[in-house]
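The values are calculated or read from the model by the stated rules, or taken from the named source; none is laboratory data. Small disclaimer: the values here were computed from a predicted structure and weren't measured. Every residue, glycine as well, gets a Cβ built from its backbone with ideal geometry; the counts of neighbours run over all protein chains shown. Ligands, DNA and RNA are stripped out before the accessible areas are found, and what is left, the full protein with its side chains, is counted by its heavy atoms. Shrake-Rupley method; radii C 1.70, N 1.55, O 1.52, S 1.80 Å.
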Amino acid sequence: MKKSYANPNLLLLVVVLIWGSGFIAVEYVLKAKYSVSLIMTLRFLISSVALYFIFKKDVYKVTKKEIISGSIAGIFLFLAFYLQTLGQSYTNISNVAFITATNVIMIPFLGWFIFKKKPKFYMIFLTVLTFLGIGIITFNKGNFEFNIGDLIVLVSAFCFASQIAYLEKATSDTNPININFVQIFTAFILSFILFVISDKSLKGIDVKSGILPIMYLGIFSTALCYLLQTYAQKFTSATNAGIILSLEGFFGALFSIFLGFEIFRWNVIIGGGIIIGTTIISNVLEERNKND
């Protein structure tokens, strides 16, 4: 494995810390009455501009294959973030954070569809445990309260898994910087089209209180994190990356409780712990399976 100028695992930890805090930034923007399509448009516009100015030499050399592959990945990315943001407007931050983490469990099943490689029995067992964790998270006052927001976020997790599974197949002989730029720019275009069709008005928006969280989402939670993730994963194992990135849900819930967006609930900690545990185990077992 090549030597990195920075500790790759530490970089990935920075990524999950920023992603975890990104759920809080989204909450602030939603409270400022920004529509989901406007949040998406601004987030991906800011990120696209930042990436262009950093990597314009690479962007100018983008190939037809990178445009096609990046555009398809961008469609999945757009759907994933749109549904995640929409779902967060209907449910708790911790639910969004932990349910999003289930995308790791979904990836082998999508790989079954794409690569025709049937997942091992342990993945089926871990998937059952994951859905048990979701059930525990949504248990409140003696009832399971799996609401529409939780369902939307679960579909979002599937879209994130689809994007990851597709990129694994599409980026073997392409420039990851260009793929990253094209997918984010595609997500911006789709978000803008949705905004024009569905919103058309900025009435009632508290621009001042939402602008800093939007900048944070665009620059740090999107542009910087995808760059750090792409760099770090060149210098660490897939197992290490998967384990560290699965902690996004934990940090999202932690920030939410610490900042007073929701109260501490044992079922969230237990259910979230099960989800994180299954994602870590799945990463370790999948890596061992590859090496056998």
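For Leu83, the conditions (1) open to solvent by 20 Å² or more (accessible area, probe 1.4 Å); (2) over 16 Å from Leu151 (Cβ atoms); (3) in a helix (DSSP H, G or I) all hold with the exception of (2). The set of residues in region 11-53 that are under 26 Å from Asn178 (Cβ atoms) and among the β-branched types (Val, Ile, Thr) comprises Val14, Val15, Val16, Ile18, Ile39, Thr41, Ile46, Val49. Checking each residue of region 60-71 against the condition of being surrounded by 21 or more Cβ atoms within 10 Å (Cβ to Cβ), under 24 Å from Phe158 (Cβ atoms) and either in contact (Cβ under 8 Å) with a residue 60 or more places away in the chain or among the acidic types (Asp, Glu) (or both) gives at least one match. For region 149-166, the count of residues that are under 15 Å from Ile67 (Cα atoms), out of contact with any His (no Cβ under 8 Å at 6 or more places or on another chain), open to solvent by 30 Å² or more (accessible area, probe 1.4 Å) and assigned to a helix (DSSP H, G or I) is at least one. Do the conditions hold for Ile75, that is, is it of a type in the set (A, V, I, L, M), open to solvent by 60 Å² or more (accessible area, probe 1.4 Å) and within 23 Å of Val155 (Cα to Cα)? Answer is yes for this residue. Selection within region 25-44: residues that are aromatic (Phe, Trp, Tyr) and in a helix (DSSP H, G or I). The member of this set that is most open to solvent (accessible area, probe 1.4 Å) is Tyr28.
Total residues in region 181-208 satisfying the condition of being among the hydroxyl-bearing types (Ser, Thr, Tyr) and at pLDDT below 90: the figure is 2. Can you tell me which residues in region 241-256 are within 13 Å of Asn283 (Cα to Cα) and open to solvent by 30 Å² or more (accessible area, probe 1.4 Å)? Within region 241-256, Ile243, Leu245, Leu247 meet the criteria. Being open to solvent by 70 Å² or more (accessible area, probe 1.4 Å) and outside any loop (DSSP other than H, G, I, E, B) is the filter here; which residues of region 199-215 pass it? Once the filter is applied, which keeps residues that are open to solvent by 70 Å² or more (accessible area, probe 1.4 Å) and outside any loop (DSSP other than H, G, I, E, B), region 199-215 yields Val207, Lys208, Ile211, Leu212, Met215. The set of residues in region 45-66 being of a type in the set (S, T, N, Q) and part of a helix (DSSP H, G or I) consists of Ser47, Ser48.
Taking the conditions (1) farther than 23 Å from Tyr82 by Cα; (2) in contact with a helix residue (DSSP H, G or I) (Cβ under 6 Å, 6 or more places away or on another chain) in turn, Arg265 satisfies each one other than (2). Within region 260-274, residues that are part of a helix (DSSP H, G or I) sit with their Cβ atoms under 6 Å from residues that are open to solvent by less than 40 Å² (accessible area, probe 1.4 Å) and of a type in the set (Ser, Thr, Tyr), at 6+ positions apart or across chains, in these pairs: Val268/Ser94.
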